[in-house]
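So the structure is just underneath, and the comments pick up after that.
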């Protein structure tokens with residue numbers, strides 16, 4: 001059974017896109033969390049997934065070689081419909097998954113438990129999940145651990161996004177350094193192409209600074225000698 005789309009699907013996809021994580025390389029922080037989830041839940045397979053428009057993409061994985069699957073085959077496409085951990089004790093007995101190729105085929109999935117990856121503005125991007133090829137249950141302690149680890153995945157995603165945005169911002173900032181050719185009279189600055197620009201234009205094109213204009217005490221005395229300015 002195909003999972004229905006979340007009611008906020010367009011906004012959810014926009015939220016996923018702002019992390020710029022899809023198709024990125026392996027990262028130890030995510031791999032470590034996946035490995036820890038499998039260890040705690042005693043599962044041979046553990047995965048950090050992200051649900052894209054038409055696919056499920058795996059950011060971290062233990063026990064499988066897949067990089068992505070069709071979204072229609074993804075258990076995690078059902079997980080993102082709720083804020084709760086989704087547990088499937090025996091997929092062959094669950095009408096949503098009994099005819100799923102991941103159950104009937106070589107993957108032979110029987111047990112699944114997934115905690116949704118939830119952003120601060122409540123979008124579900126994917127799941128931290130554990131999988132077994134044998135039916136089983138998830139204990140209350142394992143469920144709590146899976147939820148806690150899913151929050152750590154989101155912390156890692158937020159840190160990754162902040163680091164990327166900072167790096168992009170630094171690229172855009174053109175630091176003013178070295179000698180600036182400036183006119184002794186009008187104070188215009190000559191750029192690298194030989195054109196003269198007002199200082200506001202020159203600085204504005206190279207930094208994110210914005211100018212506001214005022215009058216210093218020295219100039220106020222010269223140009224407005226009879227006016228007392230505060």
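Here, each number is a calculation from the coordinates, and none is a lab measurement. The shown structure was predicted, so the numbers you read here are calculated from the model rather than taken from an experiment. Note that each Cβ is placed from the backbone with ideal geometry, even for glycine, and that neighbours are counted across all protein chains shown.
List 196, 57 from most exposed to least, where exposure is judged by having the fewest other Cβ atoms within 10 Å.
On the way: 196 14, 57 21.
The fewest-first ordering by Cβ neighbours comes to 196, 57.
Which of 204, 38, 126 ends up with the largest GNM mean-square fluctuation for the chain, with Cα atoms connected below 10 Å?
Between 204, 38, 126, it is 204 that shows the largest mean-square fluctuation.
Hey, fewest Cβ within 10 Å first, where do 195, 112 land in order? Working shown, then result.
Values: 195 11, 112 27.
Placing the least packed residue first, the sequence is 195, 112.
Over every pair of different alpha-carbon atoms in the chain, take the mean of 1/r and invert it; report that Kirkwood radius in Å. Display every interim value, and only then the final one.
Details: mean 1/r = 0.0468 Å⁻¹.
Computed over Cα pairs of the chain, the Kirkwood hydrodynamic radius comes out at 21.3 Å.
Would you mind ranking 78, 73, 20 by Cβ crowding within 10 Å, fewest neighbours first?
Working: 78 21, 73 18, 20 13.
Starting with the residue having the fewest Cβ neighbours, the order is 20, 73, 78.
With everything on Cα atoms, drop me the angle between helix 28-41 and the longest principal axis of the chain, reported from 0 to 90° to the nearest 10.
Computed tilt is about 30 degrees.
Springs between alpha-carbon atoms under 10 Å, Gaussian network over the chain: tell me which of 82, 98, 139 tops the mean-square fluctuations.
139
What value, in deg cm²/dmol to 500, does the helix sum -39500 (n - 2.57) over DSSP H runs of n ≥ 4 give at 222 nm once divided by the residues of the chain?
On the way: 7 runs with 79 residues, N = 230.
After summing the helix terms and dividing by the residues of the chain, the value is -10500 deg cm²/dmol.
Give the relative contact order (percent, whole number) for the chain; include only Cα pairs under 8 Å separated by 6+ residues.
It comes to 16 percent, rounded to a whole number.
If I fit a long axis through the Cα atoms of helix 140-172 and take the longest principal axis of the Cα atoms of the chain, what angle between them do I get, 0 to 90°, rounded to 10?
30 degrees
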